[in-house]
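Have a look at the structure below, then the notes.
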Amino acid sequence: MAAREIIPGFYEVQGKYVDYFGYVRSYLVVDDDEVLVIDPGTAGSPGRKILDALKKLGLQPKKSVVGILCTHGHPDHVGGVSKLKRATNSPVMIHERDAELLEDPSRFINERLLLDFAGRFAMKMEKGPLRVNFRGVIPDKLVQDGDEIKVGSLSVKAIHTGGHSAGHCTFYEPFNKVLFSGDELNNFPNDPRRFYVDLSGSLPAKLNAIDRMESLEIEYLLPSHDTPYFFDDAKLQFSEVRDAVRQFQNHALENLKARGEVDIGQLVYDFRRLSSVPIPEVLEALLPTTILVALESLKKAGLVRVDQSGIWSSM
Ligand SMILES: [Zn+2]
């Protein structure tokens with residue numbers, strides 16, 4: 001099965017399951033023989049599967065694909081862009097704050113994660129969905145908040161959310177009331193992806209994004225690493241993810257207060273011990289990264305401070 005139809009004209013192409021990582025899902029919006037691809041995923045999977053899916057749907061890649069739309073620039077979402085662009089000749093679209101990751105994939109490892117030398121080396125050797133061994137692509141169009149991307153008679157609206165990463169967008173199709181939430185909203189049970197952000201991201205922005213998404217009329221919620229949610233079930237996901245983000249923030253603050261003075265390493269250790277959720281190894285770097293981003297926003301709020309040697313304390 002190359003693609004699964006969720007509702008008429010909306011398909012998911014699921015990547016292979018990777019242990020401790022889960023799935024990556026790409027989506028196709030098909031109307032009047034035109035296709036919009038949302039997040040081609042990694043180069044291999046879904047990547048290649050998207051072309052198979054198009055063929056099975058009787059669509060010609062070079063004629064029918066009107067765009068390749070990226071929710072953000074992380075490797076598990078844009079790894080397949082270069083190949084798909086060559087196969088379809090269609091324009092690649094991403095928000096300007098994440099365009100640099102599409103143009104130069106290694107910036108994900110070098111600039112978006114809190115990693116030491118060994119960690120950076122390990123990520124370079126990484127064979128999983130977060131690998132960056134694919135060709136960079138210059139986007140054809142920079143997506144802005146409020147932009148409408150046409151596919152057949154439908155129009156998909158970009159909502160710049162900027163929580164998970166600075167350039168993250170979600171996409172809303174109002175006629176069928178479908179929201180593609182990318183990595184801004186995943187609620188796979190106990191998955192730390194509910195709160196993960198990269199160094200350009202922000203937890204307050206993520207909370208704002210959740211409010212904004214929740215205010216839309218949504219019947220189908222389609223996340224990147226989670227199952228699709230329908231009708232009332234879709235509405236429930238927002239409050240659960242909001243709680244998880246707040247809990248994470250509180251956790252960081254409470255730990256800091258209890259410890260007095262700590263560096264990030266100690267907080268990571270404490271968080272792992274306290275958390276009943278095992279942190280998947282492939283996502284390892286995202287925990288210290290998210291803790292640092294959380295502390296930075298608590299610092300802005302005047303609740304914590306950091307000295308020159310990287311020791312954090314509460315005010
Ligand atoms: Zn991501």
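Each value in this text was obtained by applying a stated rule to the coordinates, not by laboratory testing. All figures in this text were calculated on a predicted structure; none of them were measured in a lab. Because the Cβ atoms are built from the backbone with ideal geometry, glycine has one as well, and the counts that use them run over all protein chains shown.
Phi angles of the range 25-32 translate, via the Karplus equation with coefficients 6.51, -1.76, 1.60 and θ = phi - 60°, into HN-Hα couplings of 10, 9, 10, 10, 10, 10, 8, 6 Hz per residue; Gly and Pro are given as x.
Less than 15 Å Cβ to Cβ from Pro174, Lys/Arg counted +1 and Asp/Glu -1: what total charge do the surrounding residues give? With Lys, Arg at +1 and Asp, Glu at -1, the neighbours total -2. Computed from backbone phi with θ = phi - 60° and the Karplus coefficients 6.51, -1.76 and 1.60, the 3J(HN,Hα) list for the range 254-269 is 5, 4, 4, 4, 5, 7, x, 10, 8, 9, 4, x, 5, 5, 4, 4 Hz; x is used for glycine and proline.
For Leu154, no residue has an amide H sitting under 5 Å from its own, ignoring neighbours fewer than 5 places away on the same chain, with H placed 1.01 Å from N.
Quick check: net charge around Ser90, other residues with Cβ under 12 Å of its Cβ, Lys/Arg +1 and Asp/Glu -1? Show your work: numbers first, answer last.
Values: positive: Lys62, Lys63, Lys85, Arg86, Lys141; negative: Glu34, Asp140.
Neighbourhood net charge equals +3.
For the chain, the calculated P(r) over all alpha carbon pairs, in 20 Å bins from 0 to the bin holding the longest distance, is 34, 56, 9, 0 percent. Each peptide among 77-88, 222-233 gets the average number of other Cβ atoms lying within 10 Å of its residues, and from highest to lowest they stand as 77-88, 222-233. Is the range 150-189 best put as rounded, prolate or oblate by its Cα gyration tensor, with a ≥ b ≥ c the root eigenvalues, rounded for a/c under 1.5, and otherwise prolate when a/b is larger than b/c, oblate when not? Oblate. Going by Cα centres, the range 281-310 and the range 158-230 are how many Å apart? Going from one Cα centre to the other spans 22 Å. Hey, if you put +1 on the Cβ of every Lys and Arg and -1 on every Asp and Glu Cβ in the range 160-219, which of Ala209, His164, Pro174 ends up farthest toward the positive end of that dipole? Result: His164. Each listed q (0.12, 0.14, 0.24 Å⁻¹) maps to a log10 I(q)/I(0) for the range 204-315, found by the Debye formula over equal Cα scatterers with no solvent: -0.52, -0.67, -1.33. Straightening the chain between Asp211 and Asn110 buys 33.2 nm, computed as 0.36 nm per residue apart minus the Cα-Cα spacing.
When the pairs Lys257/Lys300; Lys16/Lys141; Lys85/Lys127; Lys85/Lys150 are compared against a 25 Å limit on Cα-Cα distance, Lys16/Lys141 fall above it.
Placing unit charges on the Cβ atoms only, positive for Lys and Arg and negative for Asp and Glu, gives the chain a dipole magnitude near 740 debye about its Cα centre.
Work out how much length Asp307 to Phe121 would gain on full extension: take 0.36 nm times their residue separation and subtract the Cα-Cα distance, in nm to one decimal. Please list the in-between numbers first.
Working: separation 186, 0.36 × 186 = 66.96 nm, distance 2.80 nm.
Going from the current span to full extension adds 64.2 nm.
Reported value for the range 1-95: 87 Å³ per residue, from the convex hull of its C-alpha atoms.
Suppose R0 equals 45 Å. What FRET efficiency, 1/(1 + (r/R0)^6) with r the Cβ-Cβ distance, do Arg273 and Glu219 give to the nearest 0.05? Don't skip to the end; give the middle numbers.
On the way: r = 41 Å, r/R0 = 0.91.
Step by step, r from the Cβ atoms, then E = 0.65.
Less than 5 angstrom separates the built amide H of Ala2 from none of the residues sequence-distant by 5 or more or on a different chain. The modelled label-to-label distance for the pair Ser239/Asp33, using points 7 Å beyond Cα in the direction of Cβ, is 4.8 nm.
Contact order, relative form, for the chain: 14 percent (alpha carbon pairs under 8 Å, 6 or more residues apart, mean separation divided by residue count).
Less than 5 angstrom separates the built amide H of Val143 from those of Ile94, His95, Glu96, all sequence-distant by 5 or more or on a different chain.
Using θ = phi - 60° in the Karplus curve 6.51 cos²θ - 1.76 cosθ + 1.60, the 3J(HN,Hα) couplings for the range 147-157 round to 4, 10, 10, 8, 9, x, 8, 8, 9, 9, 9 Hz; x is entered for Gly and Pro.
Taken as Cα centroids, the range 56-112 and the range 257-275 sit 37 Å apart, rounded to the nearest whole angstrom.
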